[in-house]
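Visitor: Handing you a structure now.
The values are calculated or read from the model by the stated rules, or taken from the named source; none is laboratory data. Note that the structure is predicted; figures quoted are calculated from it, not measured. Glycine gets a Cβ as well: all are built from the backbone with ideal geometry, and neighbour counts include every protein chain shown. All accessible areas refer to the heavy atoms of the entire protein, side chains included, with ligands and DNA or RNA removed. Shrake-Rupley method; radii C 1.70, N 1.55, O 1.52, S 1.80 Å.
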Amino acid sequence: MNQTVLDGKVLTTIKEWKQEHSQPISAFIYDLQALRERARQTVSGLPEGCRLFYAIKANPTQEILKCLEPIVYGFEAASIGEIRKIRQVSSDKPVIFGGPGKKDNEIEEALLLQVKLIHAESILELRRISHIATRLGIQASVLIRVNLRASFPEATLIMAGRPTQFGIDEEQIEDAILLTQSLPNLQLEGFHLHSISNNLDAHLHARLISVYLERVKGWRERFGLTLNYLNAGGGFGISYTDSERKFEWDTFVSELRQVLYQNAIPGVELLFEPGRYIAAACGYYATEVVDLKCNHGKHYAILRGGSHHFRLPGAWQHSHPFEIVPVEQWNYPFGRPEVWDVEITVAGELCTPKDVLARDIQVSRLRVGDILLFTLAGAYGWTISAHDFLSHEHPDHIFL
Ligand SMILES: *Cc1c(COP(=O)(O)O)cnc(C)c1O
């Protein structure tokens, strides 16, 4: 529990909130300046010929998109809803449309909203995109998403190298490419290879890009393709359980330079579409302890909030890091429950044993009324949670 890592602005915001409200706090707080700096840093190191798209599913809030719009090259969207959110912020920002199971109306509206590229996730989708583009009398630019036949064992979530619902099996690549060459109003501009998620190893990531480049070179030569893009996906990691571990972005870009020096494909831009890496650190989830109890020898803190606001720790099965913000105020005539030097399990207000945000965490002191401030809550926090389960009031969303 290191108070010094806490952003002063965030603490001030919590204090102000407490002065204005009588109920326990539950709020997401986003530090837009930190977001801006993170995005600038990430973009500025990239070698020439590389472009960064923000994958908005990590956090699609308007304030976040507006903040990133002047910094990133474009946005990656996985539904027509996400494309509309992007178009509310910018009418002409380059958009990539990906995701499995695209519907006809999504493809049509995406084309009309002038997305730059569509990731085709299946052979049928290639046919559908061509069919709709032909009906509209326009040209659709596509990247084929390929599920590579190779294994990448080191990352937490793996999207390729094994059976998944994503992309086209590399074994069917020939069918897919020949089909694009025969379909009207369809332009094959390159390939999409998002194979890894939450990877913390910069060396591995650079090696992965080099594997991607070799594969794409091979297809280009074999099928005589003229390509413009290789989308290498996102998946740059954030360590939630070890604050010392970081994805070394500088190491990655310097090794990427080497990889490109040896292996760049002339005329082909390298696209990246990170979400988590950009948005995770700017977000905080502040939630008040409303009860403390000891059950069968184990200590529990119950929060105003939980996994219906912040499902990330449950989804990833980790104890999410938090800081304790001590609150001195206690307005009752009876004593204030508190614990000293115990291991505590932090649970939410839902009637399910799965509603746990952190398990067996050593705390020196915790009182009812203190606030837990979960860090690294800016990506895949609110947006992936089942907001209305149990019909509790939603948290506030505060943008600094
Ligand atoms: C989710 C997703 C991303 C973003 O992944 P992060 O792990 O947040 O970087 C990028 N591309 C695709 C295709 C995705 O599904």
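Visitor: Which of the following residues is touching a Cys at 6+ places or on another chain (Cβ under 8 Å), open to solvent by 10 Å² or more (accessible area, probe 1.4 Å) and either in contact (Cβ under 8 Å) with a residue 12 or more places away in the chain or of a type in the set (D, E) (or both): L400, L350, L390?
Guide: Sole residue among the options that is touching a Cys at 6+ places or on another chain (Cβ under 8 Å), open to solvent by 10 Å² or more (accessible area, probe 1.4 Å) and either in contact (Cβ under 8 Å) with a residue 12 or more places away in the chain or of a type in the set (D, E) (or both): L390.
Visitor: Show the residue pairs meeting these rules: Cβ distance below 8 Å; 6+ apart or different chains; first residue within region 271-291 and within 13 Å of F322 (Cα to Cα); second residue within 14 Å of the ligand (Cβ to nearest atom) and outside any loop (DSSP other than H, G, I, E, B).
Guide: These pairs meet every condition: A281/R38.
Visitor: Filter region 103-153 down to residues that are within 13 Å of the ligand (Cβ to nearest atom) and either more than 27 Å from V211 (Cβ to Cβ) or surrounded by fewer than 17 Cβ atoms within 10 Å (Cβ to Cβ) (or both), then give me how many there are.
Guide: Final tally of qualifying residues: 0.
Visitor: Just one of the numbered conditions (1) open to solvent by 40 Å² or more (accessible area, probe 1.4 Å); (2) within 30 Å of V368 (Cβ to Cβ) is not true of Y284; which one?
Guide: (1)
Visitor: Here's something else I'd like to know. Filter region 73-95 for residues that are part of a loop (DSSP other than H, G, I, E, B) and away from the ligand (no atom under 13 Å from the Cβ); which is surrounded by the fewest Cβ atoms within 10 Å (Cβ to Cβ)?
Guide: D92
Visitor: Tally up the residues in region 163-196 that are within 16 Å of the ligand (Cβ to nearest atom) and either surrounded by fewer than 21 Cβ atoms within 10 Å (Cβ to Cβ) or modelled with pLDDT under 95 (or both), please.
Guide: Residues flagged as within 16 Å of the ligand (Cβ to nearest atom) and either surrounded by fewer than 21 Cβ atoms within 10 Å (Cβ to Cβ) or modelled with pLDDT under 95 (or both) within region 163-196 amount to 9.
Visitor: Filter region 32-65 down to the residues that are within 14 Å of the ligand (Cβ to nearest atom), of a type in the set (S, T, N, Q) and part of a helix (DSSP H, G or I) and list them by number.
Guide: Hit for region 32-65 is T42, nothing else.
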